Protein chains: 2
Amino acid sequence: MAQEQKSSRTTIHDLARVAGVSVSTVSKALNDTGRMGEDTRARIKRIAEEIGFRPNALARGLLSRRSFTIGLLTNDTYGRFTLPLMAGVSEALVDKGVSVFLCAIEDDPERARVHVEAMLDKQVDGIIATGKRIDRALPVDLSNLPVPVVYAFTAGPPNSITYASDDAQGAELAVAYLLSLGRTRLVHITGPDMFIAAVERAEAFRKLAGEGAPVLYGQWTESSGREAVLDLWRQGGRPDGIFCGNDMIARGVIDGLRELGVSVPGDVSVVGFDNWEIVASQSRPPLTTVDMNLKELGRQAGLTVLALGEGQILEPGLRKLGCSLVVRGSCSHAPIDE
Amino acid sequence: MAQEQKSSRTTIHDLARVAGVSVSTVSKALNDTGRMGEDTRARIKRIAEEIGFRPNALARGLLSRRSFTIGLLTNDTYGRFTLPLMAGVSEALVDKGVSVFLCAIEDDPERARVHVEAMLDKQVDGIIATGKRIDRALPVDLSNLPVPVVYAFTAGPPNSITYASDDAQGAELAVAYLLSLGRTRLVHITGPDMFIAAVERAEAFRKLAGEGAPVLYGQWTESSGREAVLDLWRQGGRPDGIFCGNDMIARGVIDGLRELGVSVPGDVSVVGFDNWEIVASQSRPPLTTVDMNLKELGRQAGLTVLALGEGQILEPGLRKLGCSLVVRGSCSHAPIDE
DNA sequence: TTGAAAGCGTTACCAT
DNA sequence: ATGGTAACGCTTTCAA
């Protein structure tokens, strides 16, 4: 049938028997601890290799009180933010033998609790909480757990360690780029002002583009971007550079500009935010956009929970990681006037 | 500092001491095994609740040889297919106390091996292999593992249990819908014919739309869809219904039609495939599309590995799950001619 | 009805 | 240089 080879796993006892030594000797040989003849050690290692012995992490964890396992909790259903983050966490930790439990909770406190308890039962060495916005917390209280918790891209309680991308710096990057291209009449089209990320980006935008530069709050959707740009032109606005709060909005903006017969990047340069590959690279023209380096964020969050789990004492607080600009085709130098 | 409450976990010994009984009595009370006074049982349960005792799954697993843990292996970086699937797996298994290790491998056999071995060391009860296309295998051999493996949305070896969506049925659904609207001149615009999914959908399309109905293979991208439609019109094609191989293509198609001044859904009805929410709902008009029910697929795959892990013998083979049609705004009834 | 003891697979310590 | 033994937290006989 379908599951023939389910050979029972070989244990350290089997290995000891085959090698003709005691279990403790095998253990020491394999872990490079204790003192023993290099020949014996090598021989045991070779035999272990041959019979395909792999130590049972459950038994190991029982003794060491470390499971080499961490939990990643998220309420970001699409995985827009979670997957890159997860990739970073995973990449940083595989080599240390750490595996990651992924738990997707859909803003359901009950399910969230169940997931968290399941992870705790499994003795995870730590938990990374993540989500889709930095100013909202997950629907579950993680503050009195017996394991360290690190927050990444979601709000943590006071005194927690939280990782986030530097929205202001990212926005500055985008605006500075537009300015460097000679674009002077800038507009910012973004999501709802209830999002702190939107506000921070907007403030950074104003700082560089001038306090009077228009900021248009709306939704994080294409249609919102498109309508904003249509309204703008209807009202006589004629920016030559548009910085968008995310890539979806940017697509809508480009869409709207096409409808208006305005050339991108000829007449107007457009910059997005998120570098959501699938959206940014498929737009026409491909989108120049800000990348939040979520993978790096994940990597650091992963390393941090692990360090906390090993007993290191780290300063609590918010840690902002820099963004970078990914240049594609939606921006060009402003035409020389005379 | 940041990790104050790391109280050492309470064990069954603590609980036994508090309750004034032996560990074995506690164990039996909590597991509803053995015989004992209902009052004692209730009292122990209550105390367990009070002091927040939760059994150590590592210890439990050591004994029972079950870790209540499974691994999900994927090479789908964007998570387009993996996340819905994962949601299904997770949803079906949380209640059974099973947690899921997610391992994203990027077509790197080396990393894949490392991940698989890490999971095996952790004594996973089974592995679900998944990916981004049904006719390619993951870059790692999973066929001689000591745990059951189920394949979902990725190719498995002969005699394995594989879950996939029913591409033909999904395509039929789409085409039948177009026909039911009175659309008669149908075209299919899809991805590369190297994808078996593309071919199967195309065949199903031809079966219903007529053997002569045009099938245009291209890429799975927006630009490919747009160009196909532009070419089509340039060459004088005037379909009134377009079935697209995926939602990205459908977006491109709609985009191209707008450029041509063709109304969707007035002049042409468009159906997509995938129901990639973020793409389908944001297109103008929102996309009517085929949903592969990946969540259900995940649920079944999850239940199946678990069953195999419990020793059940199941028939190997490919199991196709039905798709459903999600109606949005991109289709309408054909105008009455006279 | 309850408890003592063995054992799951591993590591650490102390003898030999 | 190597091996015996205890211990990690739990479940499961088996005895009382």
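The values are calculated or read from the model by the stated rules, or taken from the named source; none is laboratory data. Computed from a predicted structure; not experimentally measured. Glycine gets a Cβ as well: all are built from the backbone with ideal geometry, and neighbour counts include every protein chain shown. Surface accessibility is based on the protein's heavy atoms, side chains included, excluding ligands, DNA and RNA. Shrake-Rupley method; radii C 1.70, N 1.55, O 1.52, S 1.80 Å.
Brief remarks on what is shown
- If only residues of segment B:32-52 that are open to solvent by 30 Å² or more (accessible area, probe 1.4 Å) and under 25 Å from residue A:145 (Cβ atoms) are counted, the one that is nearest to DNA strand C (Cβ to nearest atom) is B:45.
- Residue that is farthest from residue A:116 (Cα to Cα) [pool: residues in segment A:44-57 that are at the interface with another protein chain (Cβ under 10 Å from one of its Cβ atoms) and in a loop (DSSP other than H, G, I, E, B)]: A:52
- Residues of segment A:8-43 satisfying the condition of being more than 9 Å from DNA strand D (Cβ to nearest atom) and part of a loop (DSSP other than H, G, I, E, B): A:8, A:9, A:10, A:11, A:32, A:33
- Segment A:316-338, residues that are assigned by TED's automatic domain parsing to the domain that holds residue A:299 and at pLDDT below 95: none
- Boolean, residue A:265 is in a loop (DSSP other than H, G, I, E, B) and at pLDDT 95 or above: yes
- Qualifying residue in segment B:280-302 (condition: over 30 Å from the mean Cα position of the chain (by Cα) and open to solvent by less than 20 Å² (accessible area, probe 1.4 Å)): no
- Residue that is farthest from DNA strand C (Cβ to nearest atom), among those in segment A:58-82 that are within 7 Å of another protein chain (Cβ to nearest Cβ) and open to solvent by 20 Å² or more (accessible area, probe 1.4 Å): A:78
- Restricting attention to segment B:193-220, the residues that are under 22 Å from the mean Cα position of the chain (by Cα) and either under 20 Å from residue B:251 (Cβ atoms) or charged (D, E, K, R) (or both) total 6.
- Condition check for residue A:96: assigned by TED's automatic domain parsing to the domain that holds residue A:130, open to solvent by 50 Å² or more (accessible area, probe 1.4 Å) and within 16 Å of DNA strand C (Cβ to nearest atom): yes
- Restricted to segment B:253-279, and to residues there that are within 14 Å of chain A (Cβ to nearest Cβ) and in contact with a strand residue (DSSP E or B) (Cβ under 7 Å, 6 or more places away or on another chain), the residue that is surrounded by the most Cβ atoms within 10 Å (Cβ to Cβ) is B:253.
- Checked against the criterion of being in a loop (DSSP other than H, G, I, E, B), under 20 Å from residue A:293 (Cα atoms) and either at pLDDT 95 or above or out of contact with any Leu (no Cβ under 8 Å at 6 or more places or on another chain) (or both), segment A:202-217 contains not a single residue that satisfies it.
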